[in-house]
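The values are calculated or read from the model by the stated rules, or taken from the named source; none is laboratory data. Keep in mind that this is a model prediction, so the values were computed, not measured. With ideal geometry, Cβ positions are generated from the backbone for all residues, glycine too; neighbour counts draw on all protein chains shown. Please note that ligands, DNA and RNA were not included when accessible areas were found on the heavy atoms of the full protein model with its side chains. Shrake-Rupley method; radii C 1.70, N 1.55, O 1.52, S 1.80 Å.
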Amino acid sequence: MKDLADYRKSYEKSELLESNIPEDPINLFNKWFHETEDFGGIDEVNAMTVSTIGLDGFPKSRVVLLKKFDEEGFIFYTNYNSEKGKAIATNPNICLSFFWSSLERQVIIKGIAEKTSDSVSDNYFDSRPDGSKLGAIVSPQSEVIPNRDYLEQNLKQLEKEYEGKEIPRPKNWGGYLVRPQEVEFWQGRPNRLHDRIRYKLQDDFSWKIQRLSS
(Lines give C-alpha, C1' and ligand atoms only; values in the text may rest on other atoms or scores of the structure.)
Protein backbone atom coordinates (compact mmCIF):
# COMPACT_ATOMS: atom_id res chain seq x y z
CA MET A 1 0.00 0.00 0.00
CA LYS A 2 1.33 3.45 -0.91
CA ASP A 3 1.42 5.94 1.95
CA LEU A 4 0.34 9.43 0.83
CA ALA A 5 0.68 11.11 4.23
CA ASP A 6 3.60 13.25 3.05
CA TYR A 7 1.81 14.59 -0.04
CA ARG A 8 1.43 18.24 0.91
CA LYS A 9 1.29 21.54 -0.92
CA SER A 10 1.22 25.10 0.39
CA TYR A 11 -1.50 27.16 -1.31
CA GLU A 12 -0.32 30.73 -1.72
CA LYS A 13 -1.53 32.11 -5.06
CA SER A 14 -4.51 34.24 -4.08
CA GLU A 15 -7.14 35.13 -1.48
CA LEU A 16 -10.93 35.40 -1.33
CA LEU A 17 -12.29 38.19 0.83
CA GLU A 18 -15.80 39.54 1.32
CA SER A 19 -14.52 43.02 0.46
CA ASN A 20 -13.78 42.12 -3.16
CA ILE A 21 -16.61 39.81 -4.25
CA PRO A 22 -19.85 40.61 -6.12
CA GLU A 23 -23.35 40.09 -4.72
CA ASP A 24 -24.14 37.47 -7.38
CA PRO A 25 -22.21 34.15 -7.55
CA ILE A 26 -22.53 33.95 -11.34
CA ASN A 27 -20.48 37.12 -11.68
CA LEU A 28 -17.76 35.68 -9.46
CA PHE A 29 -17.88 32.38 -11.34
CA ASN A 30 -17.49 34.26 -14.62
CA LYS A 31 -14.48 36.14 -13.23
CA TRP A 32 -12.80 32.97 -11.94
CA PHE A 33 -13.56 31.05 -15.14
CA HIS A 34 -11.88 33.62 -17.37
CA GLU A 35 -8.98 34.14 -14.98
CA THR A 36 -8.32 30.38 -15.09
CA GLU A 37 -8.63 30.36 -18.87
CA ASP A 38 -6.17 33.26 -19.20
CA PHE A 39 -3.71 31.79 -16.68
CA GLY A 40 -3.46 28.51 -18.58
CA GLY A 41 -2.25 25.14 -17.39
CA ILE A 42 -5.64 23.41 -17.67
CA ASP A 43 -6.67 21.65 -20.89
CA GLU A 44 -10.43 22.07 -20.46
CA VAL A 45 -11.44 24.84 -18.09
CA ASN A 46 -15.09 23.86 -18.61
CA ALA A 47 -14.59 20.29 -17.35
CA MET A 48 -16.72 19.73 -14.26
CA THR A 49 -17.71 16.84 -12.04
CA VAL A 50 -21.44 16.08 -12.09
CA SER A 51 -22.71 14.13 -9.07
CA THR A 52 -26.12 12.48 -8.96
CA ILE A 53 -27.94 10.02 -6.69
CA GLY A 54 -28.41 6.82 -8.70
CA LEU A 55 -31.43 4.55 -8.81
CA ASP A 56 -29.45 2.15 -6.59
CA GLY A 57 -29.21 4.83 -3.89
CA PHE A 58 -25.47 5.42 -4.37
CA PRO A 59 -24.00 8.78 -5.37
CA LYS A 60 -22.04 8.74 -8.61
CA SER A 61 -19.72 11.38 -10.07
CA ARG A 62 -18.38 11.78 -13.58
CA VAL A 63 -16.64 14.52 -15.56
CA VAL A 64 -18.82 16.37 -18.09
CA LEU A 65 -18.18 19.52 -20.12
CA LEU A 66 -20.03 22.71 -19.23
CA LYS A 67 -21.36 24.27 -22.43
CA LYS A 68 -23.00 27.50 -21.23
CA PHE A 69 -23.60 29.51 -18.08
CA ASP A 70 -25.58 32.67 -17.40
CA GLU A 71 -27.84 34.14 -14.71
CA GLU A 72 -30.23 31.19 -15.05
CA GLY A 73 -27.61 28.56 -14.36
CA PHE A 74 -25.28 26.01 -15.94
CA ILE A 75 -25.96 23.91 -19.04
CA PHE A 76 -24.52 20.57 -20.11
CA TYR A 77 -25.70 17.95 -22.63
CA THR A 78 -26.12 14.19 -22.41
CA ASN A 79 -28.23 11.18 -23.33
CA TYR A 80 -31.45 11.38 -21.30
CA ASN A 81 -31.55 7.57 -21.14
CA SER A 82 -28.07 7.37 -19.65
CA GLU A 83 -27.42 6.48 -16.02
CA LYS A 84 -27.13 10.15 -15.10
CA GLY A 85 -30.26 11.00 -17.09
CA LYS A 86 -32.31 8.36 -15.28
CA ALA A 87 -30.90 9.53 -11.95
CA ILE A 88 -31.84 13.14 -12.66
CA ALA A 89 -35.35 12.11 -13.73
CA THR A 90 -35.82 10.52 -10.29
CA ASN A 91 -33.93 13.11 -8.23
CA PRO A 92 -33.09 16.42 -9.97
CA ASN A 93 -30.99 17.65 -7.03
CA ILE A 94 -27.41 17.42 -8.28
CA CYS A 95 -23.96 18.83 -7.59
CA LEU A 96 -21.47 20.35 -10.02
CA SER A 97 -17.86 20.94 -9.03
CA PHE A 98 -14.85 22.53 -10.71
CA PHE A 99 -11.23 22.12 -9.60
CA TRP A 100 -8.85 24.61 -11.16
CA SER A 101 -5.51 23.53 -9.76
CA SER A 102 -3.48 26.16 -11.63
CA LEU A 103 -5.04 28.88 -9.45
CA GLU A 104 -5.71 26.64 -6.42
CA ARG A 105 -9.47 27.09 -6.68
CA GLN A 106 -12.62 25.01 -6.42
CA VAL A 107 -16.27 25.86 -7.08
CA ILE A 108 -19.05 23.61 -5.77
CA ILE A 109 -22.61 24.16 -7.00
CA LYS A 110 -25.73 22.56 -5.54
CA GLY A 111 -28.60 22.92 -7.94
CA ILE A 112 -31.79 21.56 -9.45
CA ALA A 113 -31.56 20.15 -12.97
CA GLU A 114 -34.24 20.50 -15.61
CA LYS A 115 -34.28 19.69 -19.31
CA THR A 116 -33.58 22.58 -21.64
CA SER A 117 -36.11 23.44 -24.34
CA ASP A 118 -36.06 21.52 -27.62
CA SER A 119 -34.85 24.64 -29.41
CA VAL A 120 -31.84 25.04 -27.10
CA SER A 121 -30.93 21.36 -27.52
CA ASP A 122 -31.46 21.54 -31.30
CA ASN A 123 -29.27 24.61 -31.65
CA TYR A 124 -26.39 23.05 -29.75
CA PHE A 125 -26.73 19.69 -31.54
CA ASP A 126 -26.64 21.46 -34.91
CA SER A 127 -23.35 23.13 -33.92
CA ARG A 128 -21.60 19.79 -33.31
CA PRO A 129 -19.36 18.04 -35.88
CA ASP A 130 -21.10 15.28 -37.82
CA GLY A 131 -19.04 12.63 -36.05
CA SER A 132 -20.27 13.80 -32.65
CA LYS A 133 -23.85 13.92 -33.91
CA LEU A 134 -23.65 10.34 -35.14
CA GLY A 135 -21.97 9.27 -31.92
CA ALA A 136 -24.94 10.57 -29.95
CA ILE A 137 -27.26 8.43 -32.08
CA VAL A 138 -25.09 5.30 -32.08
CA SER A 139 -24.27 5.05 -28.39
CA PRO A 140 -26.86 3.57 -26.00
CA GLN A 141 -25.05 5.40 -23.22
CA SER A 142 -24.50 3.46 -19.96
CA GLU A 143 -26.00 0.25 -21.43
CA VAL A 144 -24.03 -3.02 -21.52
CA ILE A 145 -22.78 -3.79 -25.05
CA PRO A 146 -20.98 -6.90 -26.39
CA ASN A 147 -17.76 -5.19 -27.50
CA ARG A 148 -16.18 -2.11 -29.09
CA ASP A 149 -16.88 -3.44 -32.56
CA TYR A 150 -20.63 -3.13 -31.87
CA LEU A 151 -20.28 0.66 -31.75
CA GLU A 152 -17.86 0.88 -34.67
CA GLN A 153 -20.10 -1.16 -36.98
CA ASN A 154 -23.21 0.81 -36.05
CA LEU A 155 -21.32 4.04 -36.70
CA LYS A 156 -20.26 2.87 -40.17
CA GLN A 157 -23.87 2.00 -41.02
CA LEU A 158 -25.08 5.43 -39.88
CA GLU A 159 -22.32 7.20 -41.82
CA LYS A 160 -23.65 5.54 -44.99
CA GLU A 161 -27.27 6.25 -44.08
CA TYR A 162 -26.71 9.96 -43.46
CA GLU A 163 -24.09 10.63 -46.11
CA GLY A 164 -24.93 14.04 -47.60
CA LYS A 165 -28.00 14.37 -45.38
CA GLU A 166 -28.91 16.45 -42.36
CA ILE A 167 -28.45 14.56 -39.09
CA PRO A 168 -31.41 15.08 -36.72
CA ARG A 169 -31.06 15.33 -32.96
CA PRO A 170 -32.33 12.16 -31.28
CA LYS A 171 -35.19 12.90 -28.89
CA ASN A 172 -33.40 11.11 -26.05
CA TRP A 173 -30.42 13.49 -26.24
CA GLY A 174 -30.34 17.09 -25.08
CA GLY A 175 -29.43 19.61 -22.44
CA TYR A 176 -29.89 20.11 -18.73
CA LEU A 177 -30.04 23.50 -17.09
CA VAL A 178 -28.86 23.37 -13.48
CA ARG A 179 -30.39 26.21 -11.49
CA PRO A 180 -28.04 26.92 -8.55
CA GLN A 181 -29.31 26.94 -4.98
CA GLU A 182 -25.89 27.18 -3.30
CA VAL A 183 -22.52 28.10 -4.77
CA GLU A 184 -19.34 27.70 -2.74
CA PHE A 185 -16.03 29.24 -3.80
CA TRP A 186 -12.86 27.73 -2.33
CA GLN A 187 -9.50 29.48 -2.56
CA GLY A 188 -6.44 27.64 -1.26
CA ARG A 189 -4.49 29.48 1.44
CA PRO A 190 -1.35 28.72 3.52
CA ASN A 191 -1.50 26.44 6.58
CA ARG A 192 -4.77 24.89 5.38
CA LEU A 193 -6.66 28.01 6.47
CA HIS A 194 -8.44 28.15 3.13
CA ASP A 195 -10.97 30.80 2.12
CA ARG A 196 -14.48 29.41 1.66
CA ILE A 197 -17.33 31.72 0.66
CA ARG A 198 -20.85 30.34 0.18
CA TYR A 199 -23.69 32.02 -1.67
CA LYS A 200 -27.10 30.69 -0.62
CA LEU A 201 -30.25 31.51 -2.60
CA GLN A 202 -33.01 33.13 -0.52
CA ASP A 203 -36.78 33.06 -0.99
CA ASP A 204 -36.70 36.54 -2.56
CA PHE A 205 -34.02 35.30 -5.04
CA SER A 206 -31.28 37.36 -3.41
CA TRP A 207 -28.06 35.65 -2.33
CA LYS A 208 -26.93 35.35 1.27
CA ILE A 209 -23.14 35.40 1.52
CA GLN A 210 -21.48 33.40 4.31
CA ARG A 211 -17.89 32.57 5.17
CA LEU A 212 -17.23 28.94 6.07
CA SER A 213 -14.39 27.66 8.19
CA SER A 214 -11.69 25.80 6.27
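Over 15 Å apart: what share of the alpha carbon pairs of segment 130-178 falls there, rounded to a whole percent? Of all Cα-Cα pairs in segment 130-178, 49 percent lie more than 15 Å apart. Please compute the Cα-Cα pair-distance distribution of segment 1-158 with 5 Å bins starting at 0, giving whole percents from short to long. Spelled out bin by bin, segment 1-158 gives 1, 7, 13, 16, 16, 16, 13, 9, 6, 2, 1, 0 percent.
Using θ = phi - 60° in the Karplus curve 6.51 cos²θ - 1.76 cosθ + 1.60, the 3J(HN,Hα) couplings for segment 117-128 round to 5, 4, 5, 5, 5, 4, 5, 5, 4, 5, 7, 7 Hz; x is entered for Gly and Pro.
Over all Cα atoms in segment 66-108, the spread is summed up by Rg and Dmax: 12.9, 36 Å. Kirkwood hydrodynamic radius computed over segment 76-214 comes to 18.0 Å, based on all pairs of distinct alpha carbons. Distances between every pair of Cα atoms in segment 2-44, grouped in 10 Å steps from 0 to the bin holding the largest one, split as 20, 37, 28, 13, 2 percent. Take each peptide in 11-23, 127-139, count the other Cβ atoms within 10 Å of every residue, and average; sorted highest first, the result is 127-139, 11-23.
Using helices alone, what [θ] at 222 nm do you get for the chain, with -39,500 (n - 2.57) per DSSP H run of 4 or more residues, divided over all residues and rounded to the nearest 500?
Numbers: 5 runs with 56 residues, N = 214.
So the helix-based figure for the chain works out to -8000 deg cm²/dmol.
Quick check: the angle from helix 148-161's long axis to the longest principal axis of the chain, C-alpha only, nearest 10 degrees? Once rounded, one gets 60 degrees. Within a straight-line Cα-Cα reach of under 20 Å, K86 can be paired with the following aspartates and glutamates, leaving aside sequence neighbours fewer than 8 residues apart in one chain: D56, E114, D118, E143.
Rounded to two decimals, what is Rg over Rh for segment 13-79 when you use alpha-carbon atoms and the Kirkwood radius?
Rg divided by Rh gives 1.04.
Comparing Cα centroids, segment 47-74 and segment 178-214 end up 18 angstrom apart. For I94, the accessible surface of its heavy atoms amounts to roughly 10 Å² (probe 1.4 Å, protein chains only, rounded to the nearest 10).
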